Amino acid sequence: MKFLVNPNKFNKVSNYLFKPVLVLSIILFSLGLLFSFYLSPDDYQQGSTVRIMYIHVPSAWLALLTYAIMTIYSIAALAFRIPFGFIINTAVAPIGAVFTLVCIISGSLWGKPMWGTWWVWDARLTSVAILFIVYLIVIFINLSFENRVIKEKVVAIFILVGSVNLPIVKFSVDWWNTLHQTATISKLSKPSIDPSMMTPLIIMTFAFMMIGIAIAILRIKTEIISRKLNLS
Amino acid sequence: MKFLNKIIFFFYREYKLNLSGVQDILTNIIFFFVSIFIFIFSIGPDTDTISLIGVGILWTLLLLSSTLSLRKFYQEDFENGNLLIMHLNGFSYGLIAILKTISHFIFVQIPFLITIPIASILLNITNDKAFYLFASFSIGSLILSCLGSISSSMNLMNQRNFLLGSVIVMIFSVPVVIFSVGLINLEEDFNSLINILFGILLIIFVINPWASGFCLKLSLENN
């Protein structure tokens with residue numbers, strides 16, 4: 001597992017990994033879209049709009065997962081002096097921002113027919129919007145510093161301070177009474193969702209994960225190359 | 001004793017600096033009042049509406065105008081080398097952050113605290129609510145000072161985009177605003193909400209010297 005902390009090893013491993021991941025993501029996407037549009041049933045209340053879930057939920061999970069990865073790498077980079085963490089932080093932030101944006105837009109498209117409004121100020125929606133702004137600030141800090149050594153450490157500190165928001169996003173539906181429903185899958189007891197809807201959801205989650213990994217590999221490699229060019 | 005003298009001299013110096021630049025603080029307060037006027041002109045002079053939303057407006061404007069003075073939190077001392085001299089005199093970076101935060105609270109936020117009663121007269125806020133507003137802002141302003149210390153020490157070497165510091169303060173002050181305005185509108189539940197505010201204050205007061213001390217060290221070493 002050394003390729004997770006060492007840029008040279010990462011370059012080597014990602015050369016083998018990139019094409020299989022890309023092919024897998026294409027296969028999973030076509031399979032998942034097939035499942036979610038034709039092979040899964042309509043909801044008894046929501047009708048056909050329930051299919052928005054197969055975009056909405058995976059992107060929300062991956063937005064949180066990306067921020068968690070950035071937090072772990074910031075701790076590693078600051079505490080154990082692993083500079084690869086800074087590369088990950090710079091490369092992965094836009095991907096997380098895009099996932100959060102997809103989650104917000106698909107959620108509001110789902111909210112209009114179901115709740116009657118595009119946007120409500122309840123706890124889950126607000127905390128996800130804050131998560132999106134935190135991602136944007138990370139990107140802006142990356143763009144607006146000139147000295148790279150300071151920039152990457154400031155970004156890491158900001159990510160650590162901003163990670164306060166992660167448990168708030170996760171538990172906001174339990175702590176406050178919200179219009180957004182509570183967790184159906186990622187909880188301790190058995191998931192309260194039918195297997196016929198669970199299958200496309202899981203497939204779409206893996207498809208999103210694969211496409212995220214593919215883009216992340218490209219961005220991390222570019223980042224490594226640009227750092228090498230700056231140093232020499 | 002010698003160390004205590006140094007701290008006393010630090011506050012004396014801050015006092016002198018703020019006294020010579022008192023027009024900055026007064027400009028902040030004038031900004032606060034002018035924005036109250038503009039808010040009232042844009043809503044309309046209906047008394048009931050204003051007293052209904054007055055507390056929220058006051059908190060928003062206090063937050064906005066206290067972020068205006070973030071630029072001179074560390075920047076001047078950093079550019080003329082005073083931070084380095086303080087550090088060479090035996091102040092650790094974390095202690096500098098704590099002292100600067102306290103002096104920002106005393107010299108920038110206390111004037112706002114004094115103007116709150118006048119502003120609540122202008123916005124038709126009742127006496128009880130004005131008291132709760134005073135209590136919540138006296139805790140919340142210390143939280144805002146800590147956040148300002150973190151964000152302005154992050155942005156010391158950022159020459160291009162200084163507005164980022166205000167955005168960072170505002171995004172992290174969302175829970176403070178939620179709990180403070182909740183405290184004022186839910187008067188029976190005073191104790192529990194003010195305990196939550198105190199809890200946020202303690203957490204941020206512990207994080208502040210660590211985070212801003214690290215950023216100060218980073219900027220001073222790489223300058």
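The values are calculated or read from the model by the stated rules, or taken from the named source; none is laboratory data. Computed from a predicted model, the values in this text were never measured in an experiment. Note: ideal-geometry Cβ built from the backbone for every residue, glycine included; neighbour counts use all protein chains shown. Note: accessible area is taken over every heavy atom of the protein model, side chains too, but ligands, DNA and RNA are not part of it. Shrake-Rupley method; radii C 1.70, N 1.55, O 1.52, S 1.80 Å.
Restricting A:107, A:111 to residues that are of a type outside the set (D, E, K, R), within 30 Å of residue A:32 (Cα to Cα) and free of Cβ contacts under 8 Å to residues at least 40 places away in the same chain narrows the list to A:111.
For segment A:129-151, the criterion of a residue being of a type in the set (Lys, Arg), open to solvent by less than 50 Å² (accessible area, probe 1.4 Å) and within 11 Å of another protein chain (Cβ to nearest Cβ) is satisfied by at least one position.
Annotation: of all residues in segment B:158-176 being part of a helix (DSSP H, G or I) and free of Cβ contacts under 8 Å to residues at least 24 places away in the same chain, the one that is nearest to residue A:145 (Cα to Cα) is B:164. Of the candidates B:149, B:145, B:136, the single residue that is hydroxyl-bearing (Ser, Thr, Tyr), assigned to a helix (DSSP H, G or I) and either surrounded by fewer than 22 Cβ atoms within 10 Å (Cβ to Cβ) or within 14 Å of chain A (Cβ to nearest Cβ) (or both) is B:149. Within segment B:52-76, being open to solvent by 10 Å² or more (accessible area, probe 1.4 Å) and more than 18 Å from the chain's Cα centre (by Cα) holds for B:52, B:53. Flag not set for residue B:203, criterion: buried (at least 17 other Cβ atoms within 10 Å of the Cβ), of a type in the set (A, V, I, L, M, F, W, C) and either within 14 Å of chain A (Cβ to nearest Cβ) or closer than 24 Å to residue B:49 by Cα (or both). Restricting attention to segment A:16-42, the residues that are among the hydroxyl-bearing types (Ser, Thr, Tyr), open to solvent by 60 Å² or more (accessible area, probe 1.4 Å) and over 17 Å from residue A:53 (Cβ atoms) total 2.
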